Amino acid sequence: MSAKKMGRPPSDNPKSETIKIRIDQDMMRKLEASAKKLNMSRSDVVRKGIEKIYDDLQ
């Protein structure tokens with residue numbers, strides 16, 4: 001048997017930073033609906049939003 005480890009391979013861009021935000025129920029509903037419609041995680045939707053705002057400011 002191989003000595004190679006099992007599991008997910010290391011990421012090229014590990015996500016090691018975390019943030020915690022407070023949002024109201026309406027904003028959470030919008031986030032959940034967006035994530036479901038886009039078939040993405042809530043975190044991915046937030047990341048995409050940050051990228052969009054950043055790009056718009058450039």
Where does helix 42-57 land angle-wise versus the long Cα axis of the chain, in degrees 0 to 90, nearest 10?
60 degrees
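State the extension gain, in nm to one decimal, for the chain segment bounded by Lys48 and Lys4, taking 0.36 nm per residue of separation less the distance between their alpha-carbons. Provide the component values of the computation, followed by the final result.
Details: separation 44, 0.36 × 44 = 15.84 nm, distance 3.48 nm.
My answer for the length gained is 12.4 nm.
Heavy-atom accessible area per residue, the chain, 1.4 Å probe: how many Å²? List each step's numbers first, then the result.
Values: 6430 Å² over 58 residues.
The answer is 111 Å² per residue.
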Taking the highest mean first, how do the peptides 28-37, 11-20, 48-57 order by number of other beta carbon atoms within 10 angstrom per residue?
28-37, 48-57, 11-20
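For the chain, what number results from the quotient of the Cα radius of gyration and 2.2 N^0.38 Å?
Details: Rg = 16.5 Å, N = 58, 2.2 N^0.38 = 10.3 Å.
Here the Cα radius of gyration is 1.60 times the empirical estimate.
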Tell me the carbon and sulfur percent of the accessible area for the chain, rounded to whole percent, probe radius 1.4 Å.
54 percent
Give a residue-ordered list of calculated ³J(HN,Hα) values for the range 24-41 (Karplus: 6.51 cos²θ - 1.76 cosθ + 1.60, θ = phi - 60°; whole Hz; x for Gly, Pro).
7, 5, 5, 5, 5, 4, 5, 5, 4, 5, 5, 4, 5, 5, 8, 6, 10, 7
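Taking only DSSP H segments of four or more residues, each worth -39500 (n - 2.57), what value at 222 nm results for the chain once the sum is divided by all its residues, to the nearest 500 deg cm²/dmol? Show your work: numbers first, answer last.
Values: 2 runs with 30 residues, N = 58.
Computed ellipticity for the chain at 222 nm equals -17000 deg cm²/dmol.
The values are calculated or read from the model by the stated rules, or taken from the named source; none is laboratory data. Computed from a predicted structure; not experimentally measured. Note that we place each Cβ from the backbone using ideal geometry, even for glycine, and neighbour counts take in every protein chain shown. Accessible surface areas use protein heavy atoms only, side chains included; no ligands, DNA or RNA. Shrake-Rupley method; radii C 1.70, N 1.55, O 1.52, S 1.80 Å.
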